[in-house]
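The values are calculated or read from the model by the stated rules, or taken from the named source; none is laboratory data. Remember, predicted model here, so these are calculated numbers, not experimental data. As a convention, Cβ positions derive from the backbone with ideal geometry for all residues, glycine included, and neighbour counts pool all protein chains shown. Quick note on the areas: whole protein, heavy atoms, side chains included, nothing else; ligands and nucleic acids left out. Shrake-Rupley method; radii C 1.70, N 1.55, O 1.52, S 1.80 Å.
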Amino acid sequence: MHKPAEALDFALRETSPNIGAGAVMRDKLSCTYDLVEQMQYLYVRVVKAKDLPGKDVTGGVDPYVEVKLGNYKGLTKHFEKKSNPQWNQVFAFSKERIQASVLEVVIKDKDVVVDDFVGRVMFDINEIPKRVPPDSPLAPQWYRLEDRRGDKAKGELMLAVWMGTQADEAFPDAWHSDAATVGPEAVANIRSKVYLSPKLWYVRVNVIEAQDLVPSDKTRYPEVFVKANLGIQFLRTRVSQSKTINPMWNEDLMFVAAEPFEEPLVLTAEDRVGPNKDEILGRCLIPLHNVQRRLDHKPVNTKWFNLEKHVVVEGEQKKETKFSSRIHLRVCLEGGYHVLDESTHYSSDLRPTAKQLGKASIGILEVGIISAQGLMPMKTRDGRGTTDAYCVAKYGQKWIRTRTIVDSLAPRWNEQYIWEVFDPCTVITVGVFDNGHLHGGDKSGGSKDSRIGKVRIRLSTLEADRVYTYSYPLLVLYNSGVKKMGEVQLAVRFTSLSLINMLCMYSQPLLPKMHYIHPLSVIQQDSLRHQAIQIVSMRLSRAEPPLRREVVEYMLDVDSHMWSMRRSKANFFRITKVLGGLIAFGRWFDQICNWKNPLTSILIHILFIILVLYPELILPTIFLYLFMVGIWNFRWRPRHPPHMDTRLSHADAAHPDELDEEFDTFPTSRSSDMVRMRYDRLRSIAGKVQTVVGDLATQGERFHNLLSWRDTRATTLFVTFCFIAAIVLYVTPFQVVFLLIGFYVLRHPRFRQKHPSVPFNYFKRLPARVDSIL
């Protein structure tokens, strides 16, 4: 039976790119840069010039260099009245597009009408040396300038010319012939860069009490609450139940802060004197760099802070000199938590904020971003559709951005990146975007970088030391339906540094211990994650070149918690599939009871009698059966990584009305106020129901994946455990085992830990099909 064309079009395709991994090493480059195809470049480093002759009437020269190779021409900046200029600029020409046999480096004098010729240096392409890292950089040399006839001219130019690949350290900052149409003001927007997310902390503010507040109206009982803000984050306590000038709260407020700490924590005590009318009783500012950092659950010391009363005199705020009011606080930076800026289902980093609580890496992830094919035109230029594509990959705190390939629907990046892996049960996200800031730089108004699609790869589904080369479909959901925007070709290799340490990770808690000792509520987690995303996107958008807000939010799935009828259906059918095994077992058992197959029923009766007479055979038989099923399923284990599944996501059959609701704004854009209120309330409640349903499906899929070899290491652990358990339980009396289990389940709370058990930790690390949900 053949798959429909549409399903094949959205499917994952294994590819065979011409990369060094798994092949005979052609040169030293293949040892360290072996997940991408080699791309040959001609590099020209223009360093400086000296003794240049004067060309204008004043005897001065305004020099610049023109590097010319066939139809491609690169220019340096020019200097005013300088005979000994320094440029130190690198030009890279793709060898695939070289049609000339001579490289010409010309120095010209900038003039108003026609630029004057100063001198040139010529190179035969066939005579240019080849350099392969880790060779040291080629030393630049002085070359005497020649005139147009080939005779010696006055002046010298320092150059270095060599043939290399994209592994050359000069590659990222070089001017590329592929981007010759990009203006100099936008060159920074097309270069490849590595970014680091800011270090995020949770800030816990325990508001205990206040003393000696001075309300303006002393004839009424004050209704005091505390408002706290950190940057753009605002929280408030409830109104104190003790309506006195010494109110008490003992309430926790949680914020997200990023190093370096730029904004102070501001707390304001306010009195609710009427509806929508609050009076400020005092304010205090707390710089975060003075706040104590907590690594465990031990409480920090409390501290009294003075509340400064502000009065307004002629439009200016002045502080009163009295400090009679004060507030009692316990403030700390929580280093034992991991600040979640991604969905917990596909996080790329799970380490605590404090470095001293982190553990050593257990592996290395290498990703080769090779190319893309069949990209859709994202904009129109010169009357034709075009795309200026670049890739962004995010794993842990490290973000990478490839260079932008200008005006190509089949770009070839061939860039390789590496990450340290601290936990195998994490996900790397690779997104493809269209650069909307090339022509006009950052002056292009409100233009944004358009999303083309993204790919998520869970590391635990990858076999160690195997190179995965696949072409992933780039699928984007619009209100008109799911659309394939092209394919991106990746090469991925996960290398394990220690198999024992990696297997031990399956028994460790998924999140740092503080998440279980002092857990955050679901509402807190959602709010704090939203604030973390805002902080990360704001910081990365201030880099140069910026990683723009729309890119960061798309990579971090900022709207994944919103209500969607399509996602709800997908989660419901995931649960149905998980429960399908139990339903099938119930039908089979019903057939046994009804003697549909007499022989089978007789065998089951005999087996039941044996197990009743010899109960010690029950558990060994079950574990041996699971062990045999696991070994049997090894032959059909998944051989390719997971990818976006349109059928699982119910994206291929979603009703237009459902998609219109999914892409509706929040709050809704409906005209009627009453409809808007009810509609928003329904979506908010339904979004929480959707999350619960998805979590149930995830647990069931994890149970199913115990023996599916989706995560080979996890299945190996479970199969091995089943085999050992079968042997141990075979030689141990069943009554003893039953008593031990009963004593363990009923053990005293003194012998219990707040940390989750090893089986629970192992189960939480098993993969689920949530990675494949659009």
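Scanning the range 471-484 for residues that are surrounded by 20 or more Cβ atoms within 10 Å (Cβ to Cβ) and either over 21 Å from the mean Cα position of the chain (by Cα) or among the hydroxyl-bearing types (Ser, Thr, Tyr) (or both) gives 471, 472, 482. Before we move on, is residue 526 within 25 Å of residue 692 (Cα to Cα), part of a loop (DSSP other than H, G, I, E, B) and either touching a Phe, Trp or Tyr at 6+ places or on another chain (Cβ under 6 Å) or not β-branched (Val, Ile, Thr) (or both)? The answer is no for residue 526. Somewhere in the range 212-224, is a residue among the acidic types (Asp, Glu), over 30 Å from residue 90 (Cβ atoms), touching a residue at least 60 places away in the same chain (Cβ under 8 Å) and surrounded by fewer than 19 Cβ atoms within 10 Å (Cβ to Cβ)? Among the residues of the range 212-224, at least one is among the acidic types (Asp, Glu), over 30 Å from residue 90 (Cβ atoms), touching a residue at least 60 places away in the same chain (Cβ under 8 Å) and surrounded by fewer than 19 Cβ atoms within 10 Å (Cβ to Cβ), which makes the answer yes. Which of the residues belonging to the range 498-519 are of a type in the set (A, V, I, L, M), over 29 Å from residue 720 (Cβ atoms) and surrounded by fewer than 19 Cβ atoms within 10 Å (Cβ to Cβ)? Matches in the range 498-519: 517 only.
When every residue of the range 449-464 is checked against the conditions, at least one turns out to be touching a Leu at 6+ places or on another chain (Cβ under 8 Å) and surrounded by fewer than 21 Cβ atoms within 10 Å (Cβ to Cβ).
Restricting the range 600-632 to residues that are aromatic (Phe, Trp, Tyr) and more than 43 Å from the chain's Cα centre (by Cα), the residue that is modelled with the lowest pLDDT is 608. Residues in the range 77-105 that are surrounded by 15 or more Cβ atoms within 10 Å (Cβ to Cβ), assigned to a strand (DSSP E or B) and under 41 Å from the mean Cα position of the chain (by Cα): 87, 89, 90, 91, 92, 93, 94.
Whether a residue is closer than 30 Å to residue 297 by Cβ and of a type in the set (Phe, Trp, Tyr) was assessed, and residue 470 does not pass this test.
Counting the residues of the range 681-712 that are modelled with pLDDT of 90 or more, in a loop (DSSP other than H, G, I, E, B) and charged (D, E, K, R) gives 1. The residues in the range 129-155 that are over 49 Å from the mean Cα position of the chain (by Cα) and either in a strand (DSSP E or B) or within 12 Å of residue 51 (Cβ to Cβ) (or both) can be counted, and the count is 7.
Scanning the range 547-566 for residues that are touching a helix residue (DSSP H, G or I) at 6+ places or on another chain (Cβ under 7 Å), farther than 23 Å from residue 202 by Cβ and in a loop (DSSP other than H, G, I, E, B) gives 547, 562, 563, 564.
Name the single residue that is surrounded by the fewest Cβ atoms within 10 Å (Cβ to Cβ) among those in the range 123-148 being among the β-branched types (Val, Ile, Thr) and closer than 20 Å to residue 68 by Cα. Top of the filtered list is 128. Being crowded, with 17+ Cβ neighbours inside 10 Å, in contact with a helix residue (DSSP H, G or I) (Cβ under 8 Å, 6 or more places away or on another chain), in the same structural domain as residue 397 (by the TED database) and more than 29 Å from residue 452 (Cα to Cα), is that true of even one residue in the range 489-497? Checked the range 489-497: at least one residue is crowded, with 17+ Cβ neighbours inside 10 Å, in contact with a helix residue (DSSP H, G or I) (Cβ under 8 Å, 6 or more places away or on another chain), in the same structural domain as residue 397 (by the TED database) and more than 29 Å from residue 452 (Cα to Cα). Scanning the range 149-206 for residues that are modelled with pLDDT under 80, crowded, with 18+ Cβ neighbours inside 10 Å and touching a Lys or Arg at 6+ places or on another chain (Cβ under 9 Å) turns up 177, 178, 179. In this entry, residue 648 is excluded by the filter for residues that are touching a residue at least 40 places away in the same chain (Cβ under 8 Å) and open to solvent by 70 Å² or more (accessible area, probe 1.4 Å). Here residue 437 passes the criteria (1) part of a loop (DSSP other than H, G, I, E, B); (2) open to solvent by 20 Å² or more (accessible area, probe 1.4 Å) except the one numbered (2). Scoring residue 537 on the criteria (1) open to solvent by less than 30 Å² (accessible area, probe 1.4 Å); (2) at negative phi; (3) touching a residue at least 40 places away in the same chain (Cβ under 8 Å) leaves a single failure, condition (3).
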